[in-house]
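Written below as structure tokens is the structure these notes are about.
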Amino acid sequence: MTQLIWLTIAFPIAGVLFNGLLGRRLGHRVVSVVGPLMVLASFVVGVGAFADLLARHGEAVNVPLWTWAAIGSFEVNLSLLVDPLSVLMVLVVTGVGFLIHVYATEYMVHKDESGHAHPDRDFARFFTFLNLFIASMLVLVLGNNYLMMYVGWELVGVCSYLLIGFWYDRPSEEQAPIDLGEGAEPVKLPPLLSPAASGMKAFIVNRVGDVGFALGVFLIWTTFGTLQFADVFSQVPHMAEAMPAVLSWIALLLFIGAMGKSAQIPLYVWLPDAMAGPTPVSALIHAATMVTAGVYMIVRSNVIYSHAPGVSMFVAVIGAVTALFAATIALVQVDLKRVLAYSTVSQLGYMFMAVGVGAYTAGMFHLTTHAFFKALLFLGAGSVMHALHDVIDIRRMGGLKNKMPVTWLTFWIGGLALAGFPLMSGFFSKDEILAKAFEASPVLWGIGVLTAGLTAFYTFRAIFIAFHGQPRDRHLYDHAHESGPAIRFALVVLAALALVGGVLGLPAFLGLPHALDSWLAPIYATGEHAAAAGEHGLSLGLELGLMATSATVAVLGIVVAYFFYVVNPAIPRRMARSLRPVFVLLANKYYVDELYNAVFVQPGLKLARGMAQGVDALLIDSVLVDGLARLVGQIGRQVSRLQTGYLRHYALATFIGVLILVGYFFLR
Amino acid sequence: MSQFLLSALLIIPLIGVALLVLIPRENKDVLRWTAFITTLVNFLVSLPLYFNFQSGAGYQFEEFAAWIPALNINYHLGVDGLSLFLVLLTTFLSAVAVLSSFSAITEQVKEYMALMLLLETAMLGVFVSLDLFLFYLFWEASLIPMALLIGRWGGERRIYASVKFIIYTMAGSALMLVAALVLYAWGGTSDLPVLLQTLDLPAWLQVWLFFAFALAFAVKVPLFPLHTWLPAAHVEAPTAGSIILAGVLLKMGTYGLMRFAIPLFPAAVPVWTPLLVTLAVIGIIYGALVALAQDAAKKLVAYSSVAHMGFIVLGIFSGGPQGMSAAVLQMVNHGLSTGMLFFMVGVLYEQRHSRLFSDYGGIWVKVPVFGVFFILAALSSVGLPGMNGFVGEFVILLGTFKVNWVAAAFGTFGIVLAAWYLLTAVRKLLFGPFNPANSGLRDMNGRELAIAVSLVVLFFVIGLFPQLFFKHITPATDALAERVNTTILAWR
């Protein structure tokens, strides 16, 4: 199957063409079959490539496609790289992608009271875009050079733009203020951007990051004379001695791209607004796959990063700060999807902390488990929305566990995994990151543990409010119902993965092999860089101690959430009242959107208007260009007055002329 | 036949004009179809240029005939890697432009179509002439039909725009004529290949002659700050006029730089490069910002041309074959993408007689097919990978980065602004709540679809397989870059 790996891209492209050209005419049933089927076919090819690779012991194979450009020393041969890292990504993208496609076949159809199915107006367009995304993401992870990575990078960005703005005609929404009880003034919330505005914001913020990525690619070509991974990486050790600063610049510029795509400070602002898209999109693109592209990029470029220690530490710090920062915002969100969105930003921060300290395997491990449990949580949130006629405000939920047992149970599993509850998948991957972070710097570890506690708390805050207690909106509750088989299928499979995903990377002291680490070993620079996750410098006692700490913190977070939102709901309100400034700050997301708007967007628009009206229309066109034309016209008119038509004037002029000439000859 | 291929391309439109003269003016459809079939035949006749092109063999399909023997001025035609795709672009876009005017032009169809065909001959003449005076003749000749198209079939301020267009560009060309005469006096011939081989001008003279040529070309490009004739002309021009203006006429400027200014005066290139690169970069940022502030779709697209043409100039003066090759390809790309954007705006204008964003909004619901093609055109213009614009922009910036990373960094920032203004246009036209004033809007008809599909197919062919184009372009730009670099080394 290795040589046929291009089929993983070709199948979804076929789906794009089929559903895009014929989907409208053939109806939603045909689209519902073709869309997921194409992704399943990709997955099967991916599994085949995986089996081949296993038999080859991880040896990378290039599958050449065609020469894209050859201009002098700039030569790009498009080629697909089948190696442990790309195959892992292919399996995650197509596997989770397939489940989400299946889920969407039900989610994008609304049933009315009498059981009639009403597919979304643009059902075919939705699956067209979704298939296009899968193809784009596979270009990103399968390309064997930085150009293809950039191409995929931009393509997933445009799919994200199109899908966030999928319901392009919906307006922006007001959010009800948060009532703090006891006569305290309610806390106002900023309105939510419309889908169209959110999509545009996502694309433009991402493009800011892409400037860094593009410049990084240019610098790679200028430095190494090639964009092919293997050729670049083989020159890195030599270059690290000759020009270490250039390597750091490359690492930094690439990371700027990752900040955009993977929503890290300061470019994370687009991801929460991306929740305006349909929930399957949030699960697939904005949780499981696309947003992890930055992590993939750094792991792919691990040879460069391990030779740029300063930039790597910067990556780790940005990751840690983002993890904590986003987690604090998630504490007070009332929109279930936005809780999960900030959680995604935070967990991506975790992954960057991992790759920043050189724990590339741990980063990929968390990327994988996160894809399972976060996709599960988003799909669970979507299942709730589906049942509640698109209501996503947790203040209108409550007691849903009785109405939606499957959604509730699977959401719990996802929540436990996210919280890092012992033996869940998230526990192992998070723990590995924390252990590695501790080795690099106890401060990073401290931030990580604190974040873990907050994560457990806000996750279960949402769960307890939404699924437990008494219904807050009786009407919604009465009409709520468990979702149908397609949604339940996706939830159950992902829940199983979230439960057992940890086996990919069991801690070393158990004496079992760390599957992921031995799998990924071939992609790491050999020699100076020790990549093995199992072998770290921590003693067994310390490792167990760290593990116990993070487990305790996770459980503690859950317990506190239980007390706050089940046992005595008055406590959080009282706290919010007494810490009102902090609460308002968090509810307004630290006013970062307002800040960016005031510092970048509005001045940019003002500058544009100033240029258009002041410089272009007035200065250049009216004053300079038309002014010059007027001047010429004026001179012409003035000069033409000499031509009076009276013979005596001409005679006089001739006479004066003769006088001057004669005078000149006399006086010379 | 092959040895007269280029002459055939120049003559076929004139035959079309002769046919139009014979057809009674009441038979508007016959007139339209005659014009379209003429342009279509010309496009088909031009295709062998690509398929029979020998990569790297210098001038091809050459024709040579004495024209004014006493003055050693000749009818000398030929194409190479610089002009090949511009010829094809011209024949293709001429057919597109004629087809796009079937329903938009209802008055004086006969004169309109005749002018379109005359314009095609003039533009092709510019790209295939290898004699300086022949080139100048076609260069100036192309102004007249375009000025008449704007002045007769344009919008409200058409006379102002038309006069501005013709005076501005003619004033720009005046110095070029002087410089051409100086060149002729030195070389004793106006034959370009001969001049390139024999001419040995002192450096100071090269610097001034380069300036005179470059000024004419910079007005045409248009390079900031010589661009203000362009928005005026675009806003007033009929749709087909805008397609040709943005698609082909502007390329005459960048083509002229590469065909004449740089190879004839290589010693002047390092002198003028800093200024031209600076203006190009300013144009990229400035054009994008001004585009962002526009409230009418057509003006936005017009200013986007200022930004996009800035990329091309940047590539031409990047000093390497990467930037130059990509600049040539980007001329084609810009012609296709911007041509399509003008076409799409025209489809709306024909029905609603408004180009203001505020008169639209949410119309994707009403015109789903139009919406898809508009988004595709915008994304192509934004430079989305997989489509044409990306290839040009990315390789231009990559080539520029190697010699001037500051200019490349500013240019790369331009892609953020490009996304900003083009997605703003998409959002204001297609997204948001449906504006009921557009309830009468119809989706694209078969004729419009044929145009849109043919353009989009080319977007993807260029975007996915750019080597099909680079393989013919690169030998020519290699030679050009080589010529400049050896001269610079020699002068040092």
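Side notes on the structure shown:
- Of the set (1) crowded, with 24+ Cβ neighbours inside 10 Å; (2) within 14 Å of another protein chain (Cβ to nearest Cβ); (3) modelled with pLDDT of 90 or more, all apply to B:Trp229 but (1).
- Residue within region B:439-454 that is closer than 21 Å to B:Ile282 by Cβ and in a loop (DSSP other than H, G, I, E, B) present: no
- Among the residues of region B:430-452, those identified as aliphatic (A, V, I, L, M) and away from chain A (no Cβ under 11 Å) are B:Ala437, B:Leu441, B:Met444, B:Leu449, B:Ala450, B:Ile451, B:Ala452.
- Complete set of residues in region A:207-222 that are open to solvent by 10 Å² or more (accessible area, probe 1.4 Å) and within 26 Å of A:Ala276 (Cα to Cα): A:Val208, A:Val211
- Options B:Leu82, B:Leu47, B:Leu88; residue that is assigned to a loop (DSSP other than H, G, I, E, B) and farther than 30 Å from B:Arg352 by Cα: B:Leu82
- None of A:Leu476, A:Leu497, A:Leu504, A:Leu450 is open to solvent by less than 30 Å² (accessible area, probe 1.4 Å) and either assigned to a helix (DSSP H, G or I) or modelled with pLDDT of 90 or more (or both) except A:Leu476.
- Being of a type in the set (Ser, Thr, Tyr), open to solvent by less than 10 Å² (accessible area, probe 1.4 Å), within 18 Å of the chain's Cα centre (by Cα) and modelled with pLDDT under 95 holds for only one residue in B:Ser142, B:Ser129, B:Ser94, and it is B:Ser142.
- Neighbours by Cβ (under 8 Å, 6+ apart or cross-chain): first from region A:36-47, over 16 Å from A:Thr128 (Cβ atoms) and open to solvent by 30 Å² or more (accessible area, probe 1.4 Å); second among the charged types (D, E, K, R) and assigned to a helix (DSSP H, G or I): none
- Taken over region B:15-37, the residue count meeting the criterion of being in contact (Cβ under 8 Å) with a residue 60 or more places away in the chain and over 19 Å from B:Glu448 (Cα atoms) is 6.
- Matching residues in region B:344-392 - criterion: being in contact with a Lys or Arg (Cβ under 7 Å, 6 or more places away or on another chain) and at the interface with chain A (Cβ under 10 Å from one of its Cβ atoms): B:Gly361
- Condition met for B:Ile396 (among the aliphatic types (A, V, I, L, M), outside any helix (DSSP H, G or I) and touching a residue at least 24 places away in the same chain (Cβ under 8 Å)): no
- Where helices (runs of 4 or more DSSP H) sit wholly within region A:585-668, those with at least 1 residues that are within 14 Å of chain B (Cβ to nearest Cβ) occupy A:592-596, A:602-610, A:627-640.
- Search result, residues across region A:212-232 that are small (Gly, Ala, Ser), closer than 17 Å to B:Gly323 by Cβ and under 25 Å from the mean Cα position of the chain (by Cα): A:Ala214
- Within region A:410-426, the set of residues being buried (at least 24 other Cβ atoms within 10 Å of the Cβ), within 11 Å of A:Ser550 (Cβ to Cβ) and either more than 23 Å from the chain's Cα centre (by Cα) or of a type in the set (Val, Ile, Thr) (or both) is empty.
- Flag if A:Ser194 is more than 10 Å from chain B (Cβ to nearest Cβ) and in contact with an Asp or Glu (Cβ under 9 Å, 6 or more places away or on another chain): no
- Being without any contact (Cβ under 8 Å) to a residue 12 or more places away in the chain, out of contact with any strand residue (DSSP E or B) (no Cβ under 9 Å at 6 or more places or on another chain), β-branched (Val, Ile, Thr) and facing chain A (nearest Cβ under 7 Å) is not true of B:Val406.
- The set of residues in region A:130-169 being outside any helix (DSSP H, G or I) and more than 9 Å from chain B (Cβ to nearest Cβ) consists of A:Gly143, A:Asn144, A:Asn145, A:Phe166, A:Trp167.
- Residue in region B:288-298 that is closer than 30 Å to B:Arg483 by Cα, open to solvent by less than 10 Å² (accessible area, probe 1.4 Å) and either within 11 Å of another protein chain (Cβ to nearest Cβ) or not small (Gly, Ala, Ser) (or both) present: no
- So A:Leu80, is it buried (at least 22 other Cβ atoms within 10 Å of the Cβ) and in a helix (DSSP H, G or I): no
- Condition met for A:Met243 (open to solvent by 10 Å² or more (accessible area, probe 1.4 Å), out of contact with any His (no Cβ under 6 Å at 6 or more places or on another chain) and either free of Cβ contacts under 8 Å to residues at least 60 places away in the same chain or under 17 Å from A:Val156 (Cβ atoms) (or both)): yes
- Test: residue in region A:49-64 that is open to solvent by 10 Å² or more (accessible area, probe 1.4 Å), within 14 Å of chain B (Cβ to nearest Cβ) and not in a helix (DSSP H, G or I): yes
- Selection over region B:206-225 of residues that are outside any helix (DSSP H, G or I) and buried (at least 24 other Cβ atoms within 10 Å of the Cβ) gives a count of 4.
- Looking across region B:460-472 at every residue that is buried (at least 23 other Cβ atoms within 10 Å of the Cβ) and more than 8 Å from chain A (Cβ to nearest Cβ), the one that is farthest from B:Gln197 (Cα to Cα) is identified as B:Ile462.
Quick grid of which residues meet (1) more than 30 Å from B:Gly320 (Cβ to Cβ); (2) under 29 Å from the mean Cα position of the chain (by Cα):
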{"position": "A:Gly20", "(1), (2)": "yes, yes"}
{"position": "A:Arg24", "(1), (2)": "yes, no"}
{"position": "A:Pro36", "(1), (2)": "yes, yes"}
{"position": "A:Val45", "(1), (2)": "yes, yes"}
{"position": "A:Ala49", "(1), (2)": "yes, yes"}
{"position": "A:Asp52", "(1), (2)": "yes, no"}
{"position": "A:Trp66", "(1), (2)": "no, no"}
{"position": "A:Ile71", "(1), (2)": "no, no"}
{"position": "A:Leu78", "(1), (2)": "no, yes"}
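- Of all residues in region A:197-215 being more than 9 Å from chain B (Cβ to nearest Cβ) and hydrophobic (A, V, I, L, M, F, W, C), the one that is nearest to B:Lys428 (Cα to Cα): A:Ala202
- In the set (1) farther than 25 Å from B:Gly371 by Cβ; (2) away from chain B (no Cβ under 11 Å); (3) crowded, with 24+ Cβ neighbours inside 10 Å, the condition left unmet by A:Gly181 is number (3).
The values are calculated or read from the model by the stated rules, or taken from the named source; none is laboratory data. What you are looking at is a predicted structure, and each value in this text was computed from that prediction instead of being measured. Please note: Cβ atoms are built from the backbone with ideal geometry, for glycine as well, and neighbour counts cover all protein chains shown. The area values use the complete protein model at the heavy-atom level, side chains included, leaving out ligands, DNA and RNA. Shrake-Rupley method; radii C 1.70, N 1.55, O 1.52, S 1.80 Å.
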